[in-house]
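First the structure, in the form of structure tokens, and then the observations on it.
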Amino acid sequence: MLPDEIKPAMLGIVPSTIVTCSLAGVPNVTEISQVWYVDEDHVALSHQFFNKTHRNVRENPFAAVIVRDGRTFQEWYLEIQYDHSEESGPLFDKMDIELEAIASMTGMSGVFKLRAADVYRVLSVRKSKSRG
Amino acid sequence: MAAPPAEPSIRDQMVDNQKVIDSLNNKLARKSDEVRIIQQISSEISSTLDLDRILAISLDAMEAVLGFRHSMILLASADERTLKVAASRGYDGNTGAEIAVGQGVLGVAARRRQVLRMGNVASQRAYLAGVRARTEAAGAGTLAPVAEMPGLANAQSQLAIPLVVKNRLVGVLGVESERASGFDELDEMLLSIVGNQIATGIDNAQMHLNAIEHSRKLDAVNAELLHLNQALEAGVAARTAELSSALDQVSREKDLSESLLRRMAPSEVIPLMLEDKLVARRLDVTVMFTDIVDFTAYSAGMEPDEVFSQLNDFFSAAGDIIGRYRGYINKTNGDGIMALFGVPFESVTHCTDAVLAALAMQREIGSHFPWGMRVGINSGVVTAGMLGPPDKSLYDVLGEAVNIASRVEALCPPGAVAVAPQGGEVLKPWFRLDVLPEQDVKGVGRLASLNALGLKPIAEDGRRVDPTSQFAARYLPVVEEVDAAKRERFGMIDFVSLQARDLALQHNEAVAAYAVALLRMLRADDAVAARWQAVDEAELMAAALLHDAGKHAIEPARLNNRNLDVAGRDSLRRDLLEGTLRTLAKIGAESLETLITDLYRFEATRGAEGQFDAAVELLAVADIYDALTAPKIYKGSPWRIVGALAELMRLPYGQTGRRPVFAAFAELMKPAGAAIIARAKQDVLIR
């Protein structure tokens, strides 16, 4: 489902935006550092804190994200559904090591720690009309 | 969602295909370039063990070959906790910067030993910096300081290759770029391979360096050890030399003090003297004075050192002789000597010792010095002890006997040995004595001293040899043969001083003469000739002369002890034999060992132990006979000849029939006309 074209937008160069909604219907918009490309049908988000996004998708697995290509600022709209969490394995390791590399530079090694790689199934993908 | 693709035209398809083919060709070209590059880098790296060169080759290849403008190699510390920039390209003054393992992209790649390729470093950092700012604003605890990272301040892409060899973290290779996603999978793969080569090269170089360093350290340690060893050896040598010199000093001082002490007193009493326990005591001694005739006139024209040299030679020779007869030079006075015999302990032979020493000295002076010497000898009771002021006291004797000896000396004709008259009784059995003209002696009155001419020859000693015996009639030349043999074969042994120890004067000569004479007599007798032909006469004579040569090692007091019990006599005999065998070995007369050992066995077992060699029997009978008949003072009266011969046959080993040699000996020695019949152990008829 995800085209190769979208990959540059998933490199974590420009923050992404995620919209979740609690079971009670209260929406939450927040910026996240990266949406990871897993395969054509899946993306992953890092789970570091028990924040609102995390709580909402556990209640209501449906979310929407906007990812942006750092070079072109082309936006992509994705509808995703929480599928499962991985606490080990290649995906987890890749996310973990990169997170550690950055956290260790910013003096936040202990704080910024990957708890799990939350894997979402891509329900739809749409390129924005405008750039930026 | 994407629309379903429309059916492409053939032309489009061909174009697309061409694109795919071009792209594949490109990839292929790049691949083969990469293989070539890798091969080139690795061959260059593996061609050297120089670490700086390896770093340079590696980083130069990063830019020139791979096109990475910013690259660095950090080397891990030995504990793998820190990484230090060892070389870099594309920076200003980066070298030497240090990060912790686990810090940043390079640090994490190193810690996890995992290639790490990131294309969003700056963005992610900025994002996290924001999070950090919010976290800090929220006051959520203290955060670690932001790390200072080497390299580009705003690197967006970093590719970190851990350099690991055999699980050891060597370092990390990093390339970076300000562009986002600056490195792709192919870069990662390529650098991973090159990284392996670099790691191996660095590892080899470091091992080489370590080896060099190790060897340098070893050399240093060795040098230090060598130095220490040398220092130690030098120290030990110096200390040894010091100790040895101290020991020498002590030994010299000991020798010096002993020699000084020996000037004060006989060495036997020095221990007592040092403990201040030497008390004055009365002793029966013999005092000897000597004086060189007209030495003053003789030395008048001589240089003083010549005078001293000659006199010292004389004193040295005299001291040697006096010492051999257990005398002690008490003092010298000009060219005169005062010597004491029988000090510091009682001696039973002091008088004969003094006379024998005097005779020896006269012989020696006569043959070595161009002057005459007077000797005066007197025996008597004196008081002996330390005499003189405390700092100059000497072992000395006091008494009238001393004065008389001095007077006797003054009256002695040059070359003679004058003995005060009362010595006559003691000396008569052994010495030929003359009476000197009676003279006035100050404080004594008129005195007729004796002149000791020398030892009495055996043949002249009626107690040993009866003038009417066959021995006296036929075998006296044997005595001269014995003297000749003694001089020629055993000139190194001073028989007289040896015999003087227990007053067995001329004992060896007598035994030799009797044994040889007996052998010759037996050989002349046809009936038993066969047994005696086997005896070697020269060996027999030698054995007789040397049979108690071990005497010099035994204290005279023990030799002369008349109260020895059986065990004491056995042990004395054993020691005597042992000493004798040692002497035989020393003078190369081992061939006599068996004969002499058998003689001792014969005497110890009274001849009871089986058969003995003919020579042993000859020696035994001669030895026992002389022991019985030789003159004695302190051993009681000697046996008269006839009595001694009878006793010989009465003793178990002399029983008639068992040992015909004893009867034959009686025939040899008995006075003419005497019959000696020994019928049984207790029944000897003497007429």
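Values in this text are rule-based calculations from the coordinates and carry no lab data. Please read these numbers as outputs of a predicted model, since none were measured by experiment. For neighbour counting, all protein chains shown are included, and Cβ atoms are generated from backbone atoms with ideal geometry for every residue, glycine included.
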Here D for the protein assembly as shown, in µm²/s, from Stokes-Einstein with a Kirkwood Rh over Cα pairs at 25 °C and 0.890 mPa s, works out to 62 µm²/s
Which three numbers, in whole Å and largest first, are the semi-axes of the equivalent ellipsoid of segment B:43-124 derived from its Cα gyration tensor as √(5λ)? 21, 17, 13
Long-range HN-HN contacts of A:Asp83 with modeled amide H, under 5 Å: A:Val119, A:Tyr120, A:Arg121
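So what is the diffusion coefficient of segment A:45-101 in µm² per second by Stokes-Einstein at 4 °C and 1.567 mPa s, using a Kirkwood Rh over Cα pairs?
On the way: Rh = 13.3 Å.
This corresponds to a translational diffusion coefficient of 98 µm²/s.
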Counting other Cβ atoms within 10 Å, which trypsin sites (Lys or Arg not before Pro) in segment B:560-609 have at most 13 and lie in a DSSP loop? B:Arg562, B:Arg606
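Which of the chymotrypsin sites (Phe, Trp or Tyr not before Pro) found in segment A:25-127 are loop residues per DSSP with 13 or fewer other Cβ atoms within 10 Å of their Cβ?
In loop regions of segment A:25-127 (DSSP not H, G, I, E or B), the sparsely surrounded chymotrypsin sites (Phe, Trp or Tyr not before Pro) are A:Phe49, A:Phe50, A:Phe73.
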Computed over segment B:255-401, the relative contact order (Cα-Cα under 8 Å, seq sep at least six) in percent reads 35 percent
Estimated 222 nm signal from helices in chain B, with DSSP H stretches of n ≥ 4 weighted -39500 (n - 2.57), rounded to 500: -17000 deg cm²/dmol
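Under the Kirkwood approximation applied to all pairs of distinct alpha-carbon atoms, what is the hydrodynamic radius of chain B in Å?
Its Kirkwood hydrodynamic radius stands at 36.3 Å.
Averaged across B:125-132, how many Cβ atoms of other chains sit within 10 Å of each residue's Cβ atom?
The shielding value for this peptide is 6.
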List, in order, the whole-Hz ³J(HN,Hα) value for each residue of segment B:354-370 obtained from phi through the Karplus relation with A = 6.51, B = -1.76, C = 1.60 and θ = phi - 60°; use x for Gly and Pro. 5, 5, 5, 5, 5, 5, 5, 5, 4, 4, 5, 4, x, 8, 10, 10, x
Nearest 10 degrees is fine. How inclined is helix B:614-629 to the longest principal axis of chain B, computing both from alpha carbons? 60 degrees
Scan around B:Gly454 for amide H atoms under 5 Å from its own, H built in the peptide plane at 1.01 Å from N, and keep only partners 5 or more places away or cross-chain. B:Arg432
Between their Cα atoms, which of B:Lys486/B:Lys551; B:Lys331/B:Lys486; B:Lys442/B:Lys632; B:Lys331/B:Lys442; A:Lys52/A:Lys127; B:Lys551/B:Lys670 are more than 25 Å away from each other? B:Lys331/B:Lys486; B:Lys442/B:Lys632; A:Lys52/A:Lys127; B:Lys551/B:Lys670
For segment B:281-429, just list the percent of Cα-Cα distances falling in each 10 Å bin from zero outward, please. 12, 43, 33, 12, 1
Vicinal HN-Hα couplings computed from phi for segment A:75-88 (Karplus, 6.51 cos²θ - 1.76 cosθ + 1.60; Hz; Gly/Pro x): 9, 10, 9, 10, 9, 10, 9, 4, 10, 6, 10, 10, 10, 7
Calculated [θ] (222 nm, deg cm²/dmol) that DSSP helices of n ≥ 4 give over chain A, each run adding -39,500 (n - 2.57): -5500 deg cm²/dmol
Which lysines does B:Lys84 reach when only Cα atoms under 24 Å apart count, and residues fewer than 8 places away in its own chain are ignored? B:Lys166
May I have the extent of the alpha carbons of chain A along their three principal axes, as whole Å values ordered from largest to smallest? 41, 38, 24
Extended-chain gain in nm, criterion 0.36 nm per residue less alpha-carbon gap, B:Asn222 and B:Gln40: 61.3 nm
Which whole-number percentage describes the relative contact order of segment B:82-140, with Cα contacts under 8 Å and a sequence gap of 6 or more? 19 percent
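Assuming a viscosity of 1.567 mPa s and a temperature of 4 °C, what translational diffusion coefficient in µm² per second does Stokes-Einstein assign to segment B:281-363, Rh being the Kirkwood radius over Cα pairs?
Translational D for this selection: 96 µm²/s.
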For chain B, find the longest principal axis of its Cα atoms and tell me its angle to the long axis of helix B:641-650, 0 to 90°, nearest 10. 60 degrees
With a cut-off of 8 Å between alpha carbons and a minimum separation of six or more residues, what is the relative contact order of chain B in percent? 7 percent
Arranged from highest to lowest average of other beta-carbon atoms within 10 Å per residue, in what order do the peptides B:188-195, B:510-517 appear? B:510-517, B:188-195
When only alpha-carbon atoms count, how far does segment B:377-470 stretch along each of its three principal axes, as whole angstroms with the largest first? 65, 28, 22
